Amino acid sequence: MPRRLLVRETVPEADGVLGIVLVDPRGTELPPWEPGAHLELRLPSGRTRHYSLSGDPQDRAAYRLGVLREPGGRGGSDELHTTPLAGLLLDVRGPVNRFPLVPAERYVFIAGGIGITPILPMVRQVAATGADWSLLYGGRTTTSMAYRHELASLGAENITIVPEDSHGLLNLDRVLSGLPESTAVYCCGPDGLIRAVEERCAALLPTGALHVERFAAAPGPAPRSEAGAFEVELRRSGRVLRVEAGRSLLDVVRGAVPSVTSSCEQGICGTCETKVLGGIPDHRDTVLSDAEKETGNTMMICVGRARSSRLVLDL
Ligand code: FES
């Protein structure tokens, strides 16, 4: 069930980045969350969007979000930047955490642009525990990079800020080479940055050391229309449906189970995660880790398809 929260205020966090502070209208404590978590917001227009929590989990009175205005985007960030939000009530689901901080002896954080939002609470938590950490933070210009001062207060000596206009691109080789095996690497930012980090980590670090979160779907191996047809069995009703090439599994399932939930429909939010009881999923999401995809226990049915002729879902 969504919770209705009040926009207490909005604050400029950087050029093009709007901070949104949400509170319970009755002043009660908000549900707890951990670094990496995000909220699903229903905007005044009815659009739903997902934004990482950037505040302090110890602060149970308010949720803080940072929203980058993307003029060429799908309209959600534009709407938030141009609507007078203070005083509005918004329906909110979550927090949900698909990007949890795992225990490690050392952390390397890499953030590009608005990708700093989930990283900030991680840095805050890790800095408080005394673990070894570093942050490499890139952005277009210094003034477009949110939370610089807050980060500096957590350990300026551990942070390298790289505005592209004056310092060029991030030197990934320098931060990712020669790391001890017990290092956890967290990266959030544009897809190009994430792919560059993935390539280096695949060569330099053990499997599972890298944790990433994307804000948009990564380019997939094949567009949906090229993927072949298959059958899906809905175990609870026993119905068997055909998913034609060019139709999504979610669309077909929704025809038989209208209550099935979805949100991003791009394989990035995790809302449509469904238990797989049989068959081999063809995962196309960026929510599950490689290890989770390997086990095939669940899948994101908004983008996923089948490698076997039939999939059996717990629906
Ligand atoms: Fe977001 Fe499927 S609806 S991952």
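The values are calculated or read from the model by the stated rules, or taken from the named source; none is laboratory data. Just so it is clear, the structure is predicted and the values come from calculations on it, not from any experiment. Here Cβ is always computed from backbone atoms with ideal geometry, including for glycine, and neighbour counts include all displayed protein chains. In case anyone asks, the SASA skips ligands and DNA or RNA and just uses the protein heavy atoms, side chains included. Shrake-Rupley method; radii C 1.70, N 1.55, O 1.52, S 1.80 Å.
Descriptive notes on the structure:
- Whichever residue in the range 277-302 is open to solvent by 20 Å² or more (accessible area, probe 1.4 Å) and part of a loop (DSSP other than H, G, I, E, B) and, among such residues, is nearest to the ligand (Cβ to nearest atom): Val287
Conditions tested, residue by residue: (1) of a type in the set (A, V, I, L, M, F, W, C); (2) without any contact (Cβ under 8 Å) to a residue 40 or more places away in the chain.
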position	(1), (2)
Phe99	yes, no
Gly112	no, no
Pro118	no, no
Val126	yes, yes
Asp132	no, yes
Gly138	no, no
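- Leading residue by the ranking (nearest to Arg174 (Cα to Cα)) among those in the range 125-137 that are out of contact with any helix residue (DSSP H, G or I) (no Cβ under 6 Å at 6 or more places or on another chain) and open to solvent by 10 Å² or more (accessible area, probe 1.4 Å): Asp132
- Within the range 14-43, tally of residues that are open to solvent by less than 50 Å² (accessible area, probe 1.4 Å) and part of a strand (DSSP E or B): 13
- Residue within the range 78-93 that is basic (Lys, Arg) and modelled with pLDDT under 95 present: yes
- Of the residues in the range 267-276, at least one is closer than 30 Å to Pro206 by Cβ, away from the ligand (no atom under 11 Å from the Cβ) and out of contact with any Cys (no Cβ under 7 Å at 6 or more places or on another chain).
- Arg236 vs. criteria over 28 Å from Gly113 (Cα atoms), within 16 Å of the ligand (Cβ to nearest atom) and not in a strand (DSSP E or B): no
- Residue count for the range 244-266, restricted to those that are over 24 Å from Cys188 (Cα atoms), within 13 Å of the ligand (Cβ to nearest atom) and polar (S, T, N, Q): 2
- Annotation note: Cβ proximity below 6 Å between a residue of the range 244-272 that is under 24 Å from Arg93 (Cα atoms) and of a type outside the set (Phe, Trp, Tyr) and a residue that is open to solvent by 40 Å² or more (accessible area, probe 1.4 Å) and in a helix (DSSP H, G or I) (sequence gap 6+ or interchain) occurs for Val260/Arg254.
- Close Cβ contacts (under 8 Å, 6 or more residues apart or on different chains) running from residues in the range 230-242 that are surrounded by fewer than 13 Cβ atoms within 10 Å (Cβ to Cβ) to residues that are among the small types (Gly, Ala, Ser) and not in a strand (DSSP E or B) comprise Ser237/Ala256; Arg242/Ala229.
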